[in-house]
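Please read the structure below before turning to the comments.
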Amino acid sequence: MSKRTTGYESQWNETYGLDKDPVRKYLIYPLIDDQSGELSDKRILDAGSGNGNLLSYLASRSYKSAIGIDKSPEFINSARTNVPDERAQFVEADLLQKLPFEDASFDVVYSIFVLNELPEIRLHIQEMSRVLHSGGHLLIVATHPLFAMYYHLYERFTGKQNDKLIGIKGYFDREPVQYIFTLAKSSARFFQHTFEEFLNPLFESGMEPLKLLELRTDDINFQSIPSYWDTRDVPKYLFLKAQKR
Ligand SMILES: C[S@@+](CC[C@H](N)C(=O)[O-])C[C@H]1O[C@@H](n2cnc3c(N)ncnc32)[C@H](O)[C@@H]1O
């Protein structure tokens, strides 16, 4: 299976470009705002920064410096255009490798909708912990582990194929499946991750979990988007906040 459909980055930019994605706008960024706390004098890492969406959002806030890393040169270029902020820089890096930073280089690390694009997250979560300064915060947003179960059980009980996670075989599925973006005409390779996979690397790497939230699209802002509204009772996104000891 090819890793992406053609034009993933440009279709992503068109549909989920800055301030266009209702999930980020109404659900994720208000939560990030609330949970980030005071950012003045903080050194930020956005691991898997895509088109710079998060750092563009944070640009109005006071912070010391920010680095966005991504493996896609096209996304790195669009992020540089989208975030013309001298405090921020964008660098190509592979999250499956050791991160190109010294220990304790950052005060806040964000991982927003990235972990389900990685086949293996243990080392990466340990790396995000390594580069955090003691007392620093890791904020993760990922697809809720039970989201896959909804589509798996839909197929099992209706005998029909679902139109969101193509090929999903259940909670413990280790194979990549195709994630169809709701608003963009594109898809990405998606790896299901269980609670064990999200939480154990935190426990093992000196991180103290501070908060776990299970987010859904039951807000009035999602009423006009049928697939979000129809699945408003399904746990969709997992928010994890942990502190480096
Ligand atoms: C769904 S996008 C989310 C981007 C951004 N965090 C956001 O919320 O808009 C996932 C991002 O992870 C990046 N990515 C996937 N696998 C990666 C890897 N092995 N190393 C670095 N970046 C990766 C992709 O290029 C993409 O930009």
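All of the numbers you see were taken from the coordinates with simple rules; none came from a lab. In this text, all values refer to a predicted model and were calculated from it rather than measured experimentally. Backbone-built Cβ (ideal geometry, glycine too); neighbour counts: all protein chains shown.
Using only the alpha-carbon atoms, what does the range 137-207 span along each of its principal axes? Please give whole angstrom values in decreasing order.
Dimensions of the range 137-207 along the principal axes of its Cα atoms: 44, 27, 17 Å.
Over the chain, what lengths in whole Å, largest first, do the semi-axes of the equivalent ellipsoid take, defined as the square roots of 5 times the eigenvalues of the alpha-carbon gyration tensor?
Over the Cα atoms of the chain, the ellipsoid semi-axes are 28, 20, 18 Å.
How big is the Kirkwood radius of the range 45-111, worked out from every pair of different alpha carbons and given in Å to one decimal?
Values: mean 1/r = 0.0842 Å⁻¹.
With all distinct Cα pairs of the range 45-111 included, I get 11.9 Å.
Testing the spin-label approximation: label points 7 Å from Cα along Cα→Cβ at D94 and S65. State their distance in nm.
For the pair D94/S65, the computed spacing is 2.6 nm.
Once every DSSP H run of n ≥ 4 in the chain is given -39500 (n - 2.57) and the sum is divided by its residues, what mean residue ellipticity at 222 nm do you get, rounded to the nearest 500 deg cm²/dmol?
Taking each H run of at least 4 residues, the total per residue is -8000 deg cm²/dmol.
Need one number: the % of Cα-Cα pairs in the range 110-245 sitting beyond the 23 Å mark.
Distances greater than 23 Å cover 37 percent of the Cα pairs.
Using only the alpha carbons, work out the radius of gyration and Dmax of the range 74-122 in angstrom.
That works out to 12.6, 33 Å for Rg and Dmax.
Could you give the dipole magnitude of the chain about its Cα centre, charging the beta-carbon of Lys and Arg +1 and that of Asp and Glu -1, in debye to the nearest 20?
240 debye
Explain nothing, just compute: Karplus ³J(HN,Hα) = 6.51 cos²θ - 1.76 cosθ + 1.60, θ = phi - 60°, for every residue of the range 236-245 in order, whole Hz, x for Gly and Pro.
After applying 6.51 cos²θ - 1.76 cosθ + 1.60, I find 9, 10, 10, 10, 10, 10, 9, 10, 6, 6 Hz.
Of the peptides 25-37, 122-134, 75-87, how do they stack up when ordered by the mean number of other Cβ atoms within 10 Å, highest first?
Numbers: 25-37: 15.6, 122-134: 19.7, 75-87: 17.6.
Order by mean packing, descending: 122-134, 75-87, 25-37.
Kindly rank 173-186, 104-117 from highest to lowest mean number of other beta carbons found within 10 Å of each residue. Could you put the intermediate results ahead of the total?
On the way: 173-186: 17.0, 104-117: 21.4.
Result, highest mean Cβ count within 10 Å first: 104-117, 173-186.
Run a plain Debye calculation on the range 1-92 (Cα atoms as equal point scatterers, no solvent) and give log10 I(q)/I(0) at q = 0.20, 0.22 Å⁻¹, rounded to two decimals, same order as the q list.
-0.98, -1.15
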